[in-house]
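Participant: Could you have a look at this structure, given as structure tokens, before my questions?
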Amino acid sequence: MFKIVTKKVLSEVNKLMEVEAPLVARKAEPGQFIILRVHENGERIPLTIADSDKEKGTITIIYQEVGKTTKELGTLEAGDHLCDFVGPLGKAMELPSASGRVVAVGGGVGIAPVYPKVKALHNAGMEVISIIGAQTADLLILEDEMRAVSKELHVCTDDGTKGHHGFVTDVLKNILEEKGKEIDEIVAVGPLPMMQAVSNLTKSYDVKTLVSLNPIMVDGTGMCGCCRVTVGGETKFSCVDGPVFDAHQVDFEELTRRSHTYLEEEKIALENFEQERISGGGN
Amino acid sequence: MPLDKEQVRQLRRMKEKHPMPEQDPKERIKNFDEVPFGYDAETAVKEATRCLQCKKAECVEGCPVEVDIPAFIKLIAEKKFDEGIKKLKEKNNLPAVCGRVCPQEAQCEAFCIRGKRAEPVAIGRLERFLADYELEKGVETPPRPKSTGKRVAIVGSGPAGLTAAGDLARMGHEVVLFEAFHATGGVLRYGIPEFRLPKEKVLQREVDYIASLGVEIRTNVVVGKTITVDELFEEGFQAVFIGSGAGLPQFQGIPGENLNGVYSANEFLTRTNLMKAYLFPDWDTPIKLGKKVAVVGAGNVAMDSARTALRLGAEEVHIVYRRSDKEMPARAEEIEHAKEEGVIFNLLTNPVKIFGDDDGWVKGMECIKMELGEPDESGRARPIPIEGSEYVFDVETVVIAIGNSPNPLIPQTTSGLELGWKNTIKTDEEGATSRKGIFAGGDIVTGAATVILAMGAGKKAARAMDRYLQTL
């Protein structure tokens, strides 16, 4: 059992949890993820490591409540326990050389996995330009944290309730136009359509772009192949070969399609869960 | 009542094994309950009486874990079941598992003298009988030996790891067993279906028995990620056994393998067995199946996948295999059960392409007919495509069950390990690797093989580790 040490509500749907997992914390590096199960009948879901504290032996996860499992996770409070918590899985992100200029793009709950990477770059003495975006101001997370580790921070909202009214790609395009040649690398994490849009944009400027993928997984150790993704024409397992890949090589259409495999079942699970909650649970 | 002389004489002449009652195929494809029910005591005693009690018992040579087969069978014939199970467990830590999943026809029973003119003694069924008898009655834990104070880490809780762990604990060593998943058993848990190996009733209780021998089990630890083998030594373990299995699914590399509706057998079975997708939505993990399912391959994993697909509600399930029925690597009983249940066998057939609809879901598979040529390096006839014989068949789900390679996580993260073909770990006959104190066995050494061979390797390695630990 893994104890939830702290819980923070970042927005209506985004929550942060610090979980006691000393073995995982000892090894965790930016870019890696964990897999957890909420309860005995639960599914295994991968979540990116948003932060880790070796001394306290804790891992921070930030998640958006979208389906049954994340909503159920959201009902737990500090002091509660998770049934399973395993990691760190996947490869750590390679840091660009110290001379490089980096633009980091985070969309929605994707700001959470971007944050530890920017923090690592910042700690390595690099200057990072960050762009974060969300549908609306209330859903924007980690703004202060991102500002603290970024040289410049640009904020966008789809509905214009904060910062630039529009997409992160609008801001990114301006930056690329202004100082395209100075930028060595772009790191983008967010919803698939955002990562695909960023990738398409940066391809035309020929700037190396890394994305962190979050496909459906089961074991997370390369055993099942559920998370396979075509990268540069080859099948890769996101859990062991990634989750960070060169965006320009990723087949986003296939990835998007595969992420829809269980839409129907996800809907059923969620409806059942909501119904149980309304009727006060079956216990 | 003991059997009289005439009864014994008749039984000794009986040509066939006593049949084991099982669920009707029409019924059983609607549930995940175990297929065979096992012998009752009376049948077991009768079947045991068929054994000729050879002085030089060749069956034992066919057993990778060296069970004294005539001895335990004799005890069954004498109705001394408690002594029988003790005898069996002297060598085999997982008899309820072996009695169900061993390919006995290729091992102990293949050597049975009775098999030369008639059917061999049903050694597997008798083993299962004793194991189930004990599970029913309550498993006895042997007294713990005095601790040697030596600490051993076992990586992977599959058949190799469980066996090594159990044996080393019985030798008095302090054993910690690490498992990457949230539940123990390895392939016994995620791979072999409930209807062949019940998880709570059988597997969990065998694992509990191993734990009761003094083995500490730590789940949710991915050795190679959470902690490396080198770090295990730093933490004070004096020897490490690697039994991490063949957990890397192979694909054919044909177009369309990443379409929605194509599963590796590992994923298909893990979702169903470990994650209990057949109980969705009571359990959270889903699985999605079309009406028509094709399973590529003809090993045990392929049979398990095909029979699982039927139970998940598929209307038509096909095995697609590039060689003929003679070369099918599955256990005879699995092939028989699959046929009884209505699985359709498309032999001498190889997929060349999988087609998808506009939304990217599988809708068909192009196959080519094959013929057999000269034997290849595996000793089996080489399948050769017949030009122009391509055809398309409609199918909505494809399960690829053409084999597994060793999982590279540990080979890649452990310094100084000599590796062989496809990231297998090289060992000597007794499981010693190129690095002092590190031993390995099971599929990580041999590539995908059987449960019992993995157990045999675990047993040999445990002995070698014990000797090694005594030198420290």
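Participant: What is the antiparallel percent of DSSP beta bridges lying wholly in the protein assembly as shown, to the nearest 5?
Facilitator: 50 percent
Participant: Now for a separate question. In whole Å, largest first, what are the principal axis extents of the Cα atoms in segment A:159-214?
Facilitator: 31, 30, 14 Å, listed from the longest principal axis down.
Participant: Could I ask something else about it? Mind giving me the FRET efficiency for residue B:282 and residue B:200? R0 is 22 Å, r the Cβ-Cβ distance, nearest 0.05 is fine. Numbers along the way, then the final one.
Facilitator: Working: r = 15 Å, r/R0 = 0.69.
The pair residue B:282/residue B:200 has a calculated efficiency of 0.90.
Participant: If you average the alpha carbon positions of segment B:55-77 and of segment B:78-153, how far apart do those two centres end up, in angstrom?
Facilitator: Going from one Cα centre to the other spans 10 Å.
Participant: Now for a separate question. For segment B:414-467, which GluC sites (Glu not before Pro) pass both filters: DSSP loop (anything but H, G, I, E, B) and at most 12 other C-beta atoms within 10 Å?
Facilitator: Hits after loop and neighbour filter: B:418, B:429.
Participant: May I pose another question? Would you compute the Debye intensity of chain A from its alpha-carbon atoms alone, equal scatterers and no solvent, and pass along log10 I(q)/I(0) at q = 0.13 Å⁻¹ to two decimals?
Facilitator: Log10 I(q)/I(0), no solvent term: -0.88.
Participant: So, one more: Please give the length that would be gained between residue A:92 and residue A:77 if that part of the chain were fully extended, namely 0.36 nm times their separation in residues minus their C-alpha to C-alpha distance (nm, one decimal).
Facilitator: 2.5 nm
Participant: Another question, if that's okay. Can you report the principal axis dimensions of segment B:96-248 using only the alpha carbons, biggest first, rounded to whole angstrom?
Facilitator: 57, 39, 28
Participant: Pull up all non-local amide H partners of residue A:154: gap of 5 or more, or a different chain, and H-to-H distance under 5 Å with H placed in the peptide plane.
Facilitator: The list, which skips near neighbours in sequence, is A:130, A:131, A:132.
Participant: Here's a follow-up. What's the extension gain from residue B:422 to residue B:141 if we count 0.36 nm per residue and subtract their Cα-Cα distance?
Facilitator: So the chain would gain 97.2 nm between residue B:422 and residue B:141.
Participant: Take the Cα coordinates of chain B, assign each an equal point scatterer, and use the Debye formula without solvent to give log10 I(q)/I(0) at q = 0.06, 0.12, 0.13 Å⁻¹.
Facilitator: Relative scattering, expressed as log10 I(q)/I(0), comes to -0.28, -1.11, -1.27.
Participant: Here is a follow-up. Looking at segment B:9-43, which trypsin sites (Lys or Arg not before Pro) are DSSP coil and have at most 12 other C-beta atoms within 10 Å of their C-beta? Kindly include the intermediate steps, with their values, before the conclusion.
Facilitator: Values: sites: B:9, B:12, B:13, B:15, B:17, B:26, B:28, B:30; in loops: B:15, B:17, B:30.
Passing both the DSSP loop test and the Cβ count: B:15, B:30.
Participant: Using the beta-carbon distance between residue B:467 and residue B:26 and R0 = 51 Å, what value does 1/(1 + (r/R0)^6) give for FRET efficiency, to the nearest 0.05? Intermediate results must be reported in sequence, preceding the final value.
Facilitator: Numbers: r = 54 Å, r/R0 = 1.06.
So the FRET efficiency works out to roughly 0.40.
Participant: How big is the equivalent ellipsoid of the protein assembly as shown along its three axes, where each semi-axis is √(5λ) from the Cα gyration tensor, reported in whole Å from largest to smallest?
Facilitator: Taking √(5λ) for each Cα gyration eigenvalue gives 50, 30, 24 Å.
Participant: Take every Cα pair under 8 Å in segment B:167-238 that's 6+ residues apart, average their separations, divide by the length, and report that relative contact order as a whole percent.
Facilitator: 45 percent
Participant: Given an 8 Å cut-off on Cα distances and at least 6 residues of separation, report the relative contact order of segment A:2-89 as a percent. Intermediate values should be presented prior to the final figure.
Facilitator: Details: 200 pairs, mean separation 35.2, N = 88.
The value is 40 percent.
Participant: In addition: Can you list the trypsin sites (Lys or Arg not before Pro) in segment B:99-188 that are in a DSSP coil and have 13 or fewer other beta carbons within 10 angstrom? Display every interim value, and only then the final one.
Facilitator: Values: sites: B:100, B:114, B:116, B:117, B:125, B:128, B:137, B:146, B:150, B:151, B:170; in loops: B:117, B:146, B:150.
For trypsin sites (Lys or Arg not before Pro) across segment B:99-188 that sit outside H, G, I, E and B with at most 13 neighbouring Cβ atoms in 10 Å, the list reads B:117, B:146.
Participant: Same structure, new question: How big is the gap, in Å, between the Cα center of segment A:1-63 and the Cα center of segment B:358-425?
Facilitator: Segment A:1-63 and segment B:358-425 have Cα centres spaced 37 Å from each other.
Participant: Could you tell me the calculated FRET efficiency between residue B:336 and residue A:123, based on Cβ-Cβ distance and R0 = 60 angstrom, to the nearest 0.05?
Facilitator: Calculated transfer efficiency: 0.45.
Participant: Further question on the same structure: Test of understanding: given chain A, find the longest segment containing no GluC sites (Glu not before Pro) that are in a DSSP loop and have at most 11 other Cβ atoms within 10 Å.
Facilitator: My reading of the result: A:95-283 is the longest stretch.
Participant: If one puts a single equal scatterer on every Cα of segment B:1-58 and applies the Debye formula without solvent, what log₁₀ I(q)/I(0) results at q = 0.13, 0.27, 0.29 Å⁻¹?
Facilitator: -0.49, -1.10, -1.18
Participant: To the nearest whole percent, what portion of all C-alpha pairs in segment B:368-437 is separated by more than 21 angstrom? Walk me through the numbers on the way to the answer.
Facilitator: Numbers: 1374 of 2415 pairs.
Value for segment B:368-437 (Cα pairs over 21 Å): 57 percent.
Participant: Given the protein chains as shown and a 1.4 Å probe, how many square angstrom of residue B:35 are accessible, to the nearest 10?
Facilitator: Surface open to solvent at residue B:35 totals about 0 Å².
Participant: Could you work out what % of the accessible surface of the protein assembly as shown is carbon and sulfur, using a 1.4 angstrom probe and leaving DNA, RNA and ligands out of the count?
Facilitator: It is 49 percent, rounded to a whole number.
Participant: OK, next. Taking H placed 1.01 Å from N in the peptide plane, check which residues at least 5 places from residue A:82 or on another chain put their amide H under 5 Å from its amide H.
Facilitator: Amide H neighbours of residue A:82, under 5 Å, 5+ apart: A:2, A:3, A:4.
Participant: Over chain A, what is the mean sequence separation of C-alpha contacts under 8 Å (at least six apart), divided by residue count, expressed as relative contact order in percent? It would help to have the intermediate numbers written out before the result.
Facilitator: On the way: 610 pairs, mean separation 46.0, N = 283.
Reported relative contact order: 16 percent.
Participant: How would A:122, A:165, A:39 line up by accessible area, probe 1.4 Å, largest first?
Facilitator: If we order A:122, A:165, A:39 from most to least accessible, we get A:165, A:122, A:39.
Participant: May I ask for the distance between the Cα centers of segment A:208-259 and segment B:278-341, given as a whole number of Å?
Facilitator: Centre-to-centre distance over Cα atoms comes out at 27 Å.
Participant: For segment A:101-212, how big is the tail of P(r) above 21 Å, as a whole percent of Cα pairs?
Facilitator: In whole percent, the long-distance tail amounts to 26.
The values are calculated or read from the model by the stated rules, or taken from the named source; none is laboratory data. Because the structure is predicted, anything quoted here is derived from the model rather than measured. All Cβ positions, even for glycine, are placed from backbone atoms using ideal geometry, and neighbour counts span all protein chains on display. The accessibility values were calculated without ligands, DNA or RNA, using every heavy atom of the protein model including side chains. Shrake-Rupley method; radii C 1.70, N 1.55, O 1.52, S 1.80 Å.
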